[in-house]
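To start, the structure under review is shown below, and the notes come after it.
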Amino acid sequence: MSIDPQERAAFTAEVKAWFDDNAPADPGFLLPQSFMEVGTDQQFEFLKTWQRKVYDAGYLGMAWPKEYGGHSKPQWMQDIVTAEMTKRKLPFMVNTIGLNWAGPLILNMGTEEQKKAYIKGILTADDIWCQGFSEPDHGSDLGNAQLKAEKDGNEYVLNGSKIWTSLGAHAKYMILLARTDQEAANKYAGLSFFLIPMKIDGIDPVPIKKMTGEYGFCQTFFDDARIAPSCLIGDEGGGWQVAMATLAFERGAAGGQAGGHSMNSQSVHEVVALARKVKRNGKPAIDDPLVRQQLAQFVIDQKGLHLNGARAKHKPLTEDRPAAVPLMGKLLGSEFQRRMNEFAILLLGQNANYYVGDEDAIDGGLWTRSYLNSFSATIGGGTTQVQKNILGERVLGLPKS
Amino acid sequence: MLMETLANRNIAFSDEQAMMLDAAKRFVADKSPTDKVRALIEEEAGFDSAVWAECAALGWTGMALEEAYGGSGLGFGALVPVVEQMGRGLMATPLVPTVLAGAVIQLAGTDAQKTPYLPKIAEGGVATLALGERDGGWGLADCAASVTRDGDTVKLSGAKVLVEHANIADVIVVSVTLDGKTALVLVEGGELGDLTRETVIDETRRVFRFSLDGISVPADRLLDPAKTADALRFIELASCMLCAADALGGADSCLAVIVEYLNTRKQFGKLIGAYQALKHPAAEILTGIEQGRSLLYHAATLFDEDWATPATEIAVRMAKAAADDVAIFAGDRAIQFHGGFGFTYECDAQLYRRRSIWNGAHFGDAAHQKEKLADLLF
Ligand SMILES: Cc1cc2nc3c(=O)[nH]c(=O)nc-3n(C[C@H](O)[C@H](O)[C@H](O)COP(=O)(O)OP(=O)(O)OC[C@H]3O[C@@H](n4cnc5c(N)ncnc54)[C@H](O)[C@@H]3O)c2cc1C
């Protein structure tokens, strides 16, 4: 399907103009870099208001059905908006879990009631979502999740705990993977998937301090919390399949997201600017041959990441291994950010000692903070090592480890 | 240039190119299985002339030539999928030097030069480039070989090395210095003196060195001096792009060789592919190839839009750097992952590792490309 270039240009101009007029001013306090780092109520409220404003302008959930709160517009329009807000490094859409994985999941597999109940609130940011997958003893081995959901009369009773729950302290709903059958034939078959309310008795999200000293995720304790059977999505015992579908949305391997960006990452041109600014042996770092080569490599990496998507649009250029590009994006993107921020710290020289809050920290301590936070994406959503297993096993057909 | 470079995400791939890719894939798989590759290594000619004739019949030698000269005018970027498949099959043919020589004559030749040579190339005549010199590097502009005018003729002197298929070429594009400037001159195969076959790391290649002393050719064999700089730039970029295509194709079948072994060899009671020390590098090779192909087809897209822009140069150098890196890594790991067998001549790993050395050392390795990129970008 080809898009009329004039229509495209006109829409792009409209979007740019809207962001020119409506981009939020610096709030005067430090904003988080991603949805996994929302540590204060002040940050949360600010981001929620901003998402609402974008939605009200018609720029979020553009391709989602109108009847549930979307705008029934073509996907390319949403893509333009998302690209524009990413490029401008505007504050991200705080309800990432709702917009990008719970929402598409509900639209795909949910009942009519569930779509009516949840989709609109995801878009307006009235209903913030969190994700209850990982447990203290089972992270990468997600299929071993043990939090209990036991039938008691006409309800399920939840007991156990989830951990690393991003936005847990602010969320109204959670997507939850829980064990409904202790005696199932295998570990996967005993799992079920629920859409549950967070603000009920017996659910207690307790914030955990991150390595940056900020907050963002919780350990969520479940103590005889009771939920209705209508919270189930998919079949009882079919939770693993639902979880896999969710992860495909989360990692960007499947499309259908509402749009908007979920984090502010660094672009290589900012590291180039840094290399011009800082000195090495009395000369701008950008004059150093090794620095130049490494920066060129980052340009290649960043450009390659973008081009993968462009190539995937041509079936003959991906037909040998159609799953490769969708399954590798999260791995390559997150590792790229980690390595590039790590390199930026080296460019700082002695000044790398200063962190956010010190008046002498270059770029306000951005590089060190970004480096530390980059691990959120190399660990969260399935670690780099697990992603490599997936590529090796599912794309190359190697035996399971 | 940096912001423009980051913003350009254009990849075009026509149905015609898709058909070409498909045809090339099947052709190479059929004509160049590994036992055939190994058999050709043992032969003096180094390639199968019947297969070469088929390549010409498929239109590959004329793809970048204008219709007036018997070509199809598809453009140089259209050769990328073909050369990629040939790299995949480690296929030995004179295709790359032939199309490069043809394109250079087309670019910088006079009508009187194009008319005799180009249609022959389109029909499958071999042509090649003589650029390398013993003490030379990757820069094409400074040659010790020279020509001097002598009435209606020019006299050549010096020597050239690393010339592919010089023994069978109808015409050779030779770089020389004329009046202190680089020039390109056409020499016909029959005009060459003694050729010495060189021993090179990639045994699928047939490469020669020869002296230019005593050769004189009509002065109208000089390509247009006003277009020499362009022609040299074209050669460098086009070669880099085709090397990248060849390297990525090679890396891809090298990965297949690795995966095959990881899925059959057992140690400690399990398939070695279950060990992440082997699985994870295999996944890294995969992502390197995938990303390399994205960069490659972007380069091919820009090349066909306008080969002479800085944007194209950037795209081509990126593709070459990425391709060399992954081809070297794949070949290197292929040897290690085959254990003792990997150390043998019989194991195919060496074929790929040798080829990646050749490609890397041709027209600039990854580090060289990144140096050039840095100058263009920062
Ligand atoms: C910032 C952040 C936000 C998060 N937000 C959420 C959230 O909102 N909801 C949620 O449910 N979870 C969340 N997570 C949790 C995340 O999904 C898990 O941390 C992750 O899946 C890894 O699990 P783990 O922490 O138990 O580590 P483990 O699984 O114990 O892994 C420890 C180490 O072993 C490696 N390893 C494990 N298994 C293998 C294997 N098979 N092969 C090779 N190496 C292996 C891992 O790569 C890692 O390096 C978040 C994590 C972070 C860091």
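The values are calculated or read from the model by the stated rules, or taken from the named source; none is laboratory data. This structure is a prediction, so every number in the text was calculated from the model and none was measured. Counting neighbours? That spans all protein chains shown, and the Cβs are built from the backbone with ideal geometry, glycine included.
Going through region A:291-304 one residue at a time, which ones are touching a residue at least 24 places away in the same chain (Cβ under 8 Å), at the interface with chain B (Cβ under 7 Å from one of its Cβ atoms) and farther than 23 Å from residue A:255 by Cβ?
Within region A:291-304, A:295, A:299 qualify.
So which of B:23, B:45, B:50, B:12 is surrounded by 13 or more Cβ atoms within 10 Å (Cβ to Cβ), within 20 Å of residue B:125 (Cα to Cα) and not polar (S, T, N, Q)?
Exactly one of B:23, B:45, B:50, B:12 is surrounded by 13 or more Cβ atoms within 10 Å (Cβ to Cβ), within 20 Å of residue B:125 (Cα to Cα) and not polar (S, T, N, Q), namely B:45.
Out of everything in region B:3-36 that is farther than 25 Å from residue B:63 by Cα and aliphatic (A, V, I, L, M), what residue ends up being farthest from the other protein chains (Cβ to nearest Cβ)?
Among residues in region B:3-36 that are farther than 25 Å from residue B:63 by Cα and aliphatic (A, V, I, L, M), the one farthest from the other protein chains (Cβ to nearest Cβ) is B:7.
Restricting to helices (runs of 4 or more DSSP H) lying wholly in region A:1-106: which have 2 or more residues that are within 30 Å of residue A:207 (Cβ to Cβ)?
Fully inside region A:1-106 and qualifying: A:41-56, A:75-87.
Name the pairs: first residue in region B:264-278 and of a type outside the set (Val, Ile, Thr), second residue surrounded by fewer than 11 Cβ atoms within 10 Å (Cβ to Cβ), Cβ to Cβ under 9 Å, at least 6 apart or on different chains?
Final answer for the pair search is B:271/B:264; B:273/B:264; B:275/B:267; B:275/B:268.
Against the definition (surrounded by 24 or more Cβ atoms within 10 Å (Cβ to Cβ) and within 11 Å of another protein chain (Cβ to nearest Cβ)), how does residue B:274 come out, yes or no?
Details: surrounded by 24 or more Cβ atoms within 10 Å (Cβ to Cβ): no; within 11 Å of another protein chain (Cβ to nearest Cβ): yes.
Answer is no for this residue.
Can you pull out every residue in region A:273-290 that is touching a residue at least 24 places away in the same chain (Cβ under 8 Å) and either under 31 Å from the mean Cα position of the chain (by Cα) or at the interface with chain B (Cβ under 7 Å from one of its Cβ atoms) (or both)?
Hits for region A:273-290 are A:274, A:275.
Name every residue in region B:279-297 that is under 17 Å from residue B:337 (Cα atoms), facing chain A (nearest Cβ under 7 Å), touching a residue at least 12 places away in the same chain (Cβ under 8 Å) and not small (Gly, Ala, Ser), in order of residue number.
B:279, B:286
Kindly provide the set of residues from region A:111-130 that are polar (S, T, N, Q) and in a loop (DSSP other than H, G, I, E, B), ordered by number.
Scanning region A:111-130 gives a single hit, A:111.
Test each condition in (1) within 14 Å of chain B (Cβ to nearest Cβ); (2) more than 16 Å from the ligand (Cβ to nearest atom); (3) at pLDDT below 95 for residue A:401 and report the one that comes out false.
Unmet for residue A:401, out of (1) within 14 Å of chain B (Cβ to nearest Cβ); (2) more than 16 Å from the ligand (Cβ to nearest atom); (3) at pLDDT below 95: (2).
Could you tell me which numbered condition residue B:37 fails, if it satisfies all but one of (1) crowded, with 22+ Cβ neighbours inside 10 Å; (2) of a type in the set (A, V, I, L, M); (3) at pLDDT 95 or above?
(1)
In the list A:317, A:332, A:307, which residue meets the criterion of being away from the ligand (no atom under 15 Å from the Cβ), touching a helix residue (DSSP H, G or I) at 6+ places or on another chain (Cβ under 7 Å), at the interface with chain B (Cβ under 9 Å from one of its Cβ atoms) and closer than 20 Å to residue B:282 by Cβ?
Being away from the ligand (no atom under 15 Å from the Cβ), touching a helix residue (DSSP H, G or I) at 6+ places or on another chain (Cβ under 7 Å), at the interface with chain B (Cβ under 9 Å from one of its Cβ atoms) and closer than 20 Å to residue B:282 by Cβ holds for just one of A:317, A:332, A:307, which is A:332.
What single numbered condition from (1) more than 8 Å from chain B (Cβ to nearest Cβ); (2) part of a helix (DSSP H, G or I) fails to hold for residue A:322?
Exception for residue A:322: condition (2).
Among the residues of region B:116-138, count how many are free of Cβ contacts under 8 Å to residues at least 12 places away in the same chain and closer than 21 Å to residue B:224 by Cβ.
The total comes to 1.
Regarding residue B:335, is this residue within 25 Å of residue B:161 (Cα to Cα) and either touching a strand residue (DSSP E or B) at 6+ places or on another chain (Cβ under 8 Å) or away from chain A (no Cβ under 12 Å) (or both)?
Against the criterion (within 25 Å of residue B:161 (Cα to Cα) and either touching a strand residue (DSSP E or B) at 6+ places or on another chain (Cβ under 8 Å) or away from chain A (no Cβ under 12 Å) (or both)), residue B:335 does not qualify.
For region B:158-215, list the strands (runs of 3 or more DSSP E) that sit wholly inside it and hold at least 1 residues that are among the polar types (S, T, N, Q) and within 25 Å of residue B:120 (Cβ to Cβ); which are they?
Numbers: elements: B:159-164, B:171-178, B:181-188, B:195-197, B:207-211.
Result: B:171-178.
Could you tell me whether residue B:174 is farther than 26 Å from residue B:317 by Cα and in contact (Cβ under 8 Å) with a residue 12 or more places away in the chain? Step through it out loud before you land on a result.
On the way: farther than 26 Å from residue B:317 by Cα: no; in contact (Cβ under 8 Å) with a residue 12 or more places away in the chain: yes.
Taking the combined requirement at face value, the residue does not satisfy it.
What are the pairs, 6+ residues apart or on separate chains, where a residue within region A:160-179 that is within 14 Å of chain B (Cβ to nearest Cβ) and touching a residue at least 12 places away in the same chain (Cβ under 8 Å) has its Cβ under 6 Å from a residue that is more than 12 Å from the ligand (Cβ to nearest atom) and among the charged types (D, E, K, R)?
none
For the condition more than 18 Å from residue A:197 (Cβ to Cβ), touching a Lys or Arg at 6+ places or on another chain (Cβ under 8 Å) and not in a loop (DSSP other than H, G, I, E, B), what is the one hit in A:222, A:217, A:249?
A:217
Going by the structure shown, is residue B:114 within 19 Å of residue B:165 (Cβ to Cβ), outside the structural domain of residue B:195 (by TED's automatic domain parsing) and surrounded by fewer than 24 Cβ atoms within 10 Å (Cβ to Cβ)?
Criteria not met by residue B:114.
Let me confirm something: among A:294, A:350, A:387, which residue is assigned to a helix (DSSP H, G or I), within 16 Å of the ligand (Cβ to nearest atom) and either among the aliphatic types (A, V, I, L, M) or not assigned by TED's automatic domain parsing to the domain that holds residue A:209 (or both)?
Every option except A:387 fails the conditions.
Residues to consider are A:154, A:159; find the one that is at pLDDT below 95 and either under 21 Å from the mean Cα position of the chain (by Cα) or more than 10 Å from the ligand (Cβ to nearest atom) (or both).
That would be A:154, the only listed residue that is at pLDDT below 95 and either under 21 Å from the mean Cα position of the chain (by Cα) or more than 10 Å from the ligand (Cβ to nearest atom) (or both).
When you go through B:365, B:375, B:306 one by one, which is the residue that is within 14 Å of chain A (Cβ to nearest Cβ), free of Cβ contacts under 8 Å to residues at least 12 places away in the same chain and surrounded by fewer than 24 Cβ atoms within 10 Å (Cβ to Cβ)?
B:375
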